[in-house]
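Peer 1: My structure is below; once you've seen it, I'll send some questions.
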């Protein structure tokens, strides 16, 4: 794993959340995805008036990483503007599983309390991921 500390990854996710396009929910989400080679890819939520077209921050970060050629990941930090640390939705968990097979550290924090980090493994959040 890279030398990037959990708090640094959370900080990068918070910075990404400042670019959130969330005019409907006003719920800012940011994600910072740590590739095994040490690169960090960020993403934010992008809402759309047609709600089904909304993109979660986690999938936005994975899209950036895949576009840049990264395929192996160690951790993802996810932050949101709510009081509680955000849990990734089922679709995001499945996208994470596509590339990490459950072996991914998931760091969660509220933007207002970034020092209170909850840590999970992806396989605990998605114990029976779909696979072909």
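Peer 1: If R0 is 41 Å, what FRET efficiency do you get for residue 26 and residue 124 from their C-beta distance, rounded to 0.05? Walk me through the numbers before you get to the answer.
Peer 2: Values: r = 30 Å, r/R0 = 0.73.
E(calc), rounded to 0.05, equals 0.85.
Peer 1: So what are the stretch 57-132's ellipsoid semi-axes, whole angstrom, largest first, if each one is the square root of 5 times an eigenvalue of the alpha-carbon gyration tensor? Intermediate results must be reported in sequence, preceding the final value.
Peer 2: Numbers: eigenvalues 89, 42, 22 Å².
After scaling each eigenvalue by five and taking roots: 21, 14, 10 Å.
Peer 1: Below 8 Å, C-alpha to C-alpha, sequence gap of six or more: please give me the relative contact order for the chain in percent. Numbers along the way, then the final one.
Peer 2: On the way: 301 pairs, mean separation 28.4, N = 132.
So the answer I get is 22 percent.
Peer 1: Please rank 131, 20, fewest neighbouring Cβ atoms within 10 Å first, as an exposure proxy. Walk me through the intermediate numbers first.
Peer 2: Values: 131 9, 20 22.
In increasing order of surrounding Cβ atoms, one gets 131, 20.
Peer 1: Also: Determine the gain in length on full extension of the stretch residue 72-residue 50; use 0.36 nm per residue of separation and subtract their C-alpha separation, reporting nm with one decimal. Mind dumping the intermediate values first?
Peer 2: On the way: separation 22, 0.36 × 22 = 7.92 nm, distance 3.22 nm.
Here the segment from residue 72 to residue 50 would lengthen by 4.7 nm.
Peer 1: Please sort 109-118, 61-70 by packing, taking for each peptide the average over its residues of neighbouring beta carbons within 10 angstrom, highest first.
Peer 2: On the way: 109-118: 15.5, 61-70: 17.2.
Per-residue mean Cβ counts within 10 Å order the peptides as 61-70, 109-118.
Peer 1: What value in Å³ per residue do you get for the convex hull of the alpha-carbon atoms in the stretch 6-125?
Peer 2: Per residue, the Cα convex hull of the stretch 6-125 comes to 90 Å³.
Peer 1: Any chance you could check the Cα centroid distance between the stretch 102-128 and the stretch 1-52 for me, in angstrom?
Peer 2: Rounded to whole Å, the Cα centres lie 13 Å apart.
Peer 1: Additional query: What is the Å³ per residue value for the convex hull set by the Cα atoms of the stretch 44-95?
Peer 2: Numbers: hull volume 4.9 nm³, N = 52.
In the stretch 44-95, the Cα hull volume divided by residue count equals 94 Å³.
Peer 1: So how do 104, 132, 33 line up by other beta-carbon neighbours within 10 Å, fewest first? Spell out each step's value before the answer.
Peer 2: Numbers: 104 22, 132 2, 33 32.
Lowest to highest Cβ neighbour count: 132, 104, 33.
No value in this document is a laboratory result; all are computed from the given coordinates. Only a predicted model underlies this, so the values are computations on that prediction, with no experimental measurement involved. Ideal geometry is used to build each Cβ from the backbone, glycine not excepted, and the neighbour counts take in all protein chains shown.
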